[in-house]
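The values are calculated or read from the model by the stated rules, or taken from the named source; none is laboratory data. Source: prediction; values computed, not measured. Don't worry about glycine lacking a Cβ; one is built from the backbone with ideal geometry, like all the others, and counts go over all protein chains shown. These accessible areas exclude ligands, DNA and RNA; they are computed on the full protein's heavy atoms, side chains included. Shrake-Rupley method; radii C 1.70, N 1.55, O 1.52, S 1.80 Å.
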Amino acid sequence: PQKTSFHRSQTLGYKNGFAFSRLPTVGIGRERLYVNQLSQAELDELSNVRPTLTYGQAKQAPPSGFIPAHVAFDKKILKFDAYFQEDVPLSTEEHYRIRQVCIYYYLEDDSMSVIEPVVQNSGLPQGKLIRRHRVPKNDHGDHYHWKDLNRGMNITMYGRTYRIVDCDSFTQVFLESQGIELNPPEEMVFDPYTELRRMPMRKYVTPSDFDQLKQFLTYDKQVLRFYAMWDDTDNMFGENRPYIIHYYLADDTVEVREVYKQNDGRDPFPVLIKRQRLPKTFVEKKKTFPSCVLEISDQEVLEWYTAKDFAVGKSTTLLGRTFFIYDCDEFTRNFYRDKFGITDFQPVEIKKKPLEEIPQVIPPYNGFGFLEDSLQNCFSLLPKPPRKDIIKMLENHHKVLRYQVALESPNPEDRKRRFILSYFLSDDMISIYEPPVRNSGIIGGKYLGKTRVAKPGSTADNAMYYEPSDLTIGSTIEVFGHRFVITDADEYVLNYMESNAESFPAATLQSLRDHFRPQQVVKQTANSDITTLGTSKQELDELTGQVQEELKLHKSLNNKNIREAFLQCDEDGSGILDKGKFLALCESLGVPTKAFLVNKLIDLCSCGEDKISYHGFLRAFPS
């Protein structure tokens, strides 16, 4: 009880970096050790361990070290064979589809992946269906473990149910070593449509007794030649084209070659149908058989073209094209004569089919531009301007026929409007000009630009335009919906028509003569009266100057108003007024007609008894 030190001696040492044990030199609390002094218990133990004293202490195995899971289970994978069923709603040949997959479980990190083996020509995207990761088991955050996998069970991953039918030997040994009882394996279910496609169709073809080798050796290098025409004129841009049909007797093949002519505008593609056997009658196909298949086998053809199907004067349809055979060569005639006994080989004369004339429909005139100019767009993609009569333009250059016309209108204001209609003889165009009238409320100027005016009832096919023969005094012309009445014309119009009387109707010329006859009579009378009085131009000028000096005293007179009043009063523009009307107009304007010089001037300007030429009188009133 008085012992206070309980230190123990060190028995672990290191030498050259290695640990080793050694015997203690002192006891607990540095007490003295008695060497080779054994207790009764140790002596009893030694009496029972004679082999140990003889052979020494048995070596104990070192304790096993810690091995992590990613090292212990590295590259150790559990493989399960499974399948799942998939609906096929849009197919008449299969209603569901079986797809086989392999489910892999990676022990190192408890991840899984689903891979579908690739099936040739399946048309499905196959391969890795679910990538490697920890697959969730439920909505509570749990994941699938290898303890949840077994044969003969269903497993649902991401809404798709897989049926596990078997596993490999490693998987079976591992699961059994972990105390899991495996279910018996099941047979793998195969896709019925895939198995149906793998099964070859049983077709029994009776072997033919026809010796093809004999046919080849007999008819090698013997070819029948026919001359044919392909009529394709029913289609757009179609035409009659010549072809040569070769029939090879060695193997019953047919070739169609084009006849290339120099400078025919076609590329030299000599072969239309390459050498091959051509089907004549097909087997009835199902509605589901694709029509775009170009490969034709013997099972799809009931009858092929042979030499019996070709004859001069008959039509033959080869791959959708109808060829008319009109002749053949001499070898072909001899072959048919010897083989089939045919002697009629009269060539058929091919006549070119006349081209059907399609009437050109001219669209209605839209009113833009000239009719002839717009019509050129219907004849060519690159329209050319219509031809002009150059001779007519040179002969009638600067020749214009002018007429005075009045507007027909229900408005009284428009009836008083007067227009100048100009007809240009060089190009048969018409322009209308309205002289401006002061205080009329109407702006004068150009009323119609230079253009050709069509007659009423004119059409695009039969265009009729106004000509000088249609412009008579009193006649009515219609210009784009407006009606004008011709009231007067220039004397140049009468002179031009009289000089070219053979080009105008007699009625047109007579109407102008009747219109100008009263004016000519008045002018002749005025000239004769002036000559009778013996008044010279110098005397009239002296009298006019004296009247002007006298009228200067009358400052209230407005010369411009006087001239306008006389011109408006002269409705027909003849320059002659009645004497009573003339004196009344002078009195209203304030002209002193009773003055001696003014009265003498009126007498000099008189034309007959009751007519006065006011042009000479207006010389006393300069503007």
Carbon and sulfur %, accessible surface of the range 398-504 computed with the full protein complex present, 1.4 Å: 48 percent
The range 220-340, relative contact order [Cα under 8 Å, separation at least 6], %: 26 percent
In degrees, nearest ten, helix 506-533 long axis to first principal axis of the chain (Cα): 40 degrees
Shape call, the range 145-199: gyration tensor on alpha carbons, a/c limit 1.5: oblate
Charge sum, other residues only, whose C-beta stays under 15 Å from Pro24's C-beta, Lys/Arg counted +1 and Asp/Glu -1: +3
Rounded tilt (10° steps) of 330-339 against the dominant C-alpha axis of the chain: 60 degrees
Shape call, the range 292-376: gyration tensor on alpha carbons, a/c limit 1.5: oblate
Of Lys15/Lys59; Lys388/Lys455; Lys203/Lys308; Lys280/Lys314; Lys388/Lys416; Lys261/Lys339, those spanning more than 27 Å from alpha-carbon to alpha-carbon: Lys203/Lys308; Lys388/Lys416; Lys261/Lys339
Shape call, the chain: gyration tensor on alpha carbons, a/c limit 1.5: oblate
With DNA, RNA and ligands ignored, accessible area of Met236 (1.4 Å probe; Å², nearest 10): 150 Å²
Dipole-positive endmost among His246, Ser503, Ile103 within the chain (Cβ charges, Cα centre): Ile103
Given 12 as the ceiling on other Cβ atoms within 10 Å, longest exposed-site-free region of the chain for chymotrypsin sites (Phe, Trp or Tyr not before Pro) in DSSP loops: 481-623
Length-normalised contact order for the chain - Cα pairs under 8 Å, 6+ apart - percent: 5 percent
Within-15-Å neighbourhood charge of Ala311 [Cβ basis; K, R +1; D, E -1]: +3
Share of carbon and sulfur in the accessible heavy-atom surface of the range 69-198 [1.4 Å probe, %]: 48 percent
Residues of the chain: accessible area per residue with a 1.4 Å probe, Å²: 71 Å²
Members of Lys446/Lys581; Lys392/Lys450; Lys75/Lys147; Lys560/Lys581 lying beyond 23 Å, as alpha-carbon distances in this model show: Lys446/Lys581
Under 19 Å from the Cα of Lys285 - aspartates and glutamates, other chains or at least 8 residues apart: Glu93, Glu295, Asp298, Glu300, Glu303
Under-5 Å amide H pairs with Lys280, H placed in peptide plane, nonlocal only: Glu303, Trp304, Tyr305
Table column - 3J(HN,Hα) (Hz), the range 251-268, Karplus curve with 6.51, -1.76, 1.60, x for Gly and Pro: 9, 6, 9, 10, 9, 10, 10, 7, 9, 8, 10, 5, 6, 8, x, 10, 6, x
Within straight-line cross-link reach of Lys351, aspartates and glutamates at Cα separation under 15 Å, skipping those fewer than 8 residues along the same chain: Asp231, Asp232, Glu239, Asp327
Those aspartates and glutamates that a straight Cα-Cα span of less than 17 Å connects to Lys137, excepting residues fewer than 8 apart in one chain: Asp109, Asp110, Asp148
Over the range 69-198, relative contact order from alpha-carbon pairs under 8 Å, at least 6 apart, %: 25 percent
